[in-house]
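**Student:** Questions regarding the structure given below will be posed in turn.
The values are calculated or read from the model by the stated rules, or taken from the named source; none is laboratory data. Model, not experiment: these values are computed from the prediction. Cβ placement follows ideal geometry from the backbone for every residue including glycine, while neighbour counts extend to all protein chains displayed. In case anyone asks, the SASA skips ligands and DNA or RNA and just uses the protein heavy atoms, side chains included. Shrake-Rupley method; radii C 1.70, N 1.55, O 1.52, S 1.80 Å.
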Amino acid sequence: MPAAPLRLSAAAIDLSPRVQRNATVTASPAADAETIVATITVTGDIAVQSGILVIAFGAFTQGTAGVSYNYRIRKTDVSGSILKATGVIAVAATVLAHGMLIGFDTAPTLPNQVYCFTSIHASGSA
């Protein structure tokens, strides 16, 4: 029996208004405090069926006194609700480390919902 022919194609659908990115570092965490590393604002009045997928990646060289880090994706700012967190991950001083988070927001406020990628470095000093 031959395979059923394709009747529909998504090749011509432009999803670029729905995919937004930011590669600008807002600040580098140096102290033992939660620091906003990057932010993104979801612009446009787009329809959301089930939620917004937020993907964040960070790489850093651990400071001279640092012992661990914790990445978070938050809504709005450092006091906003946490969508996803790595939990505390041990890393030795002067080591190059990296991590990625994928969060899903089921209740975004559109347009102009702000998401923050934050980092906390325990015993961080430089």
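**Student:** Within region 41-67, restricting attention to residues that are more than 19 Å from the chain's Cα centre (by Cα) and open to solvent by less than 20 Å² (accessible area, probe 1.4 Å), which residue is farthest from Thr24 (Cα to Cα)?
**Tutor:** Gly66
**Student:** Using the structure shown, decide if Thr76 is in contact with a Cys (Cβ under 8 Å, 6 or more places away or on another chain) and on the phi > 0 side of the Ramachandran plot.
**Tutor:** Yes.
**Student:** If we keep just the residues of region 114-126 that are surrounded by 12 or more Cβ atoms within 10 Å (Cβ to Cβ) and among the small types (Gly, Ala, Ser), which is nearest to Asn22 (Cα to Cα)?
**Tutor:** Ser119
**Student:** Against the definition (polar (S, T, N, Q) and open to solvent by 60 Å² or more (accessible area, probe 1.4 Å)), how does Thr35 come out, yes or no?
**Tutor:** Answer is no for this residue.
**Student:** Given the options Val25, Val78, Val19, name the one that is surrounded by 10 or more Cβ atoms within 10 Å (Cβ to Cβ) and either in contact with a Lys or Arg (Cβ under 6 Å, 6 or more places away or on another chain) or closer than 18 Å to Gly103 by Cβ (or both).
**Tutor:** Val78
**Student:** Let me ask you something else. Listed residues Ile46, Ile13; which is assigned to a loop (DSSP other than H, G, I, E, B) and touching a helix residue (DSSP H, G or I) at 6+ places or on another chain (Cβ under 7 Å)?
**Tutor:** Of Ile46, Ile13, the one residue that is assigned to a loop (DSSP other than H, G, I, E, B) and touching a helix residue (DSSP H, G or I) at 6+ places or on another chain (Cβ under 7 Å) is Ile46.
**Student:** Among the residues of region 81-113, write down those that are surrounded by 15 or more Cβ atoms within 10 Å (Cβ to Cβ), hydrophobic (A, V, I, L, M, F, W, C) and not in a loop (DSSP other than H, G, I, E, B).
**Tutor:** Within region 81-113, Leu83, Ala85, Ala97, Leu101 meet the criteria.
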